[in-house]
1. Within chain B, which complete DSSP H helices have Cα atoms spanning at least 15 Å along the helix axis and a mean Kyte-Doolittle hydropathy of 0.5 or higher?
2. In what sequence do B:Val221, B:Val40 fall when counting other Cβ within 10 Å, fewest first?
3. Please work out whether the range A:185-250 counts as rounded, prolate or oblate from its C-alpha gyration tensor, where a ≥ b ≥ c are the square roots of the eigenvalues and a/c under 1.5 means rounded, while otherwise a/b larger than b/c means prolate and anything else oblate?
4. For the range B:185-250, give the magnitude of the charge dipole about the Cα centre (Cβ charges: +1 Lys/Arg, -1 Asp/Glu; no others), in debye to the nearest 20.
5. Output, in nm with one decimal and in ascending order, the distances from the B:Arg216 label point to the matching label points of the other copies (7 Å from Cα along Cα-to-Cβ).
6. Which of the lysines could a cross-linker bridge to B:Lys249, judged by Cα under 18 Å and excluding same-chain residues fewer than eight apart?
7. Tell me the distances, shortest first, between B:Leu199 and the same position across the other copies, using label points 7 Å along Cα→Cβ, in nm to one decimal.
8. Could you tell me which of B:Leu110, B:Ala153, B:Ala26 has its Cα farthest along the dipole of the range B:11-165 towards the positive end, charges placed at Cβ (Lys, Arg +1; Asp, Glu -1), taken about the Cα centre?
There are 2 protein chains.
Amino acid sequence: MTDTPETRQPNFILVRPQMGENIGAAARGMWNFGLDRMRVVAPRDGWPNERAVALASGAGRLLDHAGMFDDVSAAVADCTYVFATTARPRGITLPVVTPERAMQQARAMLAEGGRVGVLFGPERSGLENEDIARANAIITVPVNPEFPSINLAQCVLLCAYEFRRAEDATPPEVLEMARTRLATHAEVTALADHAEARLEEAGFFFPEDKAERMRRNLRQVWSRLPLTEADVQTFHGMLRQMVRWAEGKRRGR
Amino acid sequence: MTDTPETRQPNFILVRPQMGENIGAAARGMWNFGLDRMRVVAPRDGWPNERAVALASGAGRLLDHAGMFDDVSAAVADCTYVFATTARPRGITLPVVTPERAMQQARAMLAEGGRVGVLFGPERSGLENEDIARANAIITVPVNPEFPSINLAQCVLLCAYEFRRAEDATPPEVLEMARTRLATHAEVTALADHAEARLEEAGFFFPEDKAERMRRNLRQVWSRLPLTEADVQTFHGMLRQMVRWAEGKRRGR
């Protein structure tokens, strides 16, 4: 596998996982966000695990290539920095970071050639203090204190999401256009003029002392709406049709 | 329920969900991050749903209080702004936002008294275009394009996580202290002096022309390490013990 700053990834290390289902769901969560370096330490039900394979569905490749280790020490031996995911611990002196900060740090360390491991504990008990003592920092997900139980696959998903987010180039907001584009200022102005002229004829701006304010408010509506070129055409069509309808009425049709 | 800016929440609306398991897991994901306003539109297997209750475990209360609706229109009737979660759609003109941006916007709108709904589609097919047309904006999770399938409960989890993160006061990094505190500058300086004096006696700073640089480097090591008061005591103890050991040696013990 090529090792460029763009392809460098943290190793997600499942420590003594119990349920194959959770291993499979963890693989899916990783691959949803483009991560595929999984390590597994002493899985309870041996390896390979049929339930894991069944649940991983499209991410089975991660299981095929997962590194297998007898203990945490061996699994992190090549790592220059190790995070342990756990609720905020007692009796241990370590930095405690949010998933967001941790994955930003991981990206930065990987870019400089570091090797990063992230430990995830077994479902019931979580990581032992002995495992945590091998870490350089602790990741604690800021959960609802009334319901802090988050499961293995969820924790993996959130860390993978944050790793991707740390360099994600997706703009926070784009206007998706269906075969159209935003209207130009001139197009919106032409629409506003058209609407104002028709409404003037229809006697909309009444009474006279409020007319100026009503015109200004209507101009502001057109400017404020994120109209597309297609919207502008639709409104022009509506105005033309209203005129046709009104003329038909007047002629008694 | 009290309605203060702090307690205002978006309604998470599961549209025609199929598997009870996923409804239960969605409830857990919401409550993990403190959200408890669930609405359900036309669940495939009716309501209440035993599998949903079994999977929700500690978050069963959300199911008890979930609003039930026959169609999407009724479920969003009281909402002033509706997000639809879906892969980036074609043929529809709407803003497309990241989960992060969407939940920041939701917080802002809720703070001003708005009512926000977030639509989540059925497992297999996702939201229909007709459902999406009722939304003001689309939330698209920036997934791996090679493996874009994220499941209902995962999508709910990520949105709930982002809603909490949008006002989370957790500091990104804290140093967790086990019955200690970071050492003061004076304590670190005293340790550096102590170490330098002992190493001087031991002939560590040699040869003479490199001694000044070695001393400076060592000073920098002590300053750079995030030493706690307990660490400083440990190092003092080590230095004293080395001296005792060396003196014993010299006396031929």
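1. For chain B, where a helix must reach 15 Å along its axis and average at least 0.5, the hits are B:152-165.
2. Numbers: B:Val221 10, B:Val40 22.
Arranged by neighbour count, lowest to highest, B:Val221, B:Val40 become B:Val221, B:Val40.
3. Details: a/c = 2.82, a/b = 1.07, b/c = 2.63.
Because a/c hits 1.5 or more and a/b fails to exceed b/c, the range A:185-250 counts as oblate.
4. Here the range B:185-250 has a charge dipole of around 200 debye.
5. Computed spacing set for this position: 6.9 nm.
6. The qualifying lysines are none; the list is empty.
7. Output for B:Leu199: 8.0 nm, nearest copy listed first.
8. B:Leu110
Every read-out reported here was derived from the displayed coordinates using simple, explicitly stated rules and does not represent laboratory data. The structure displayed is predicted, hence computed values, not measured ones. Cβ: placed from backbone, ideal geometry, glycine included. Neighbour counts: every protein chain shown.
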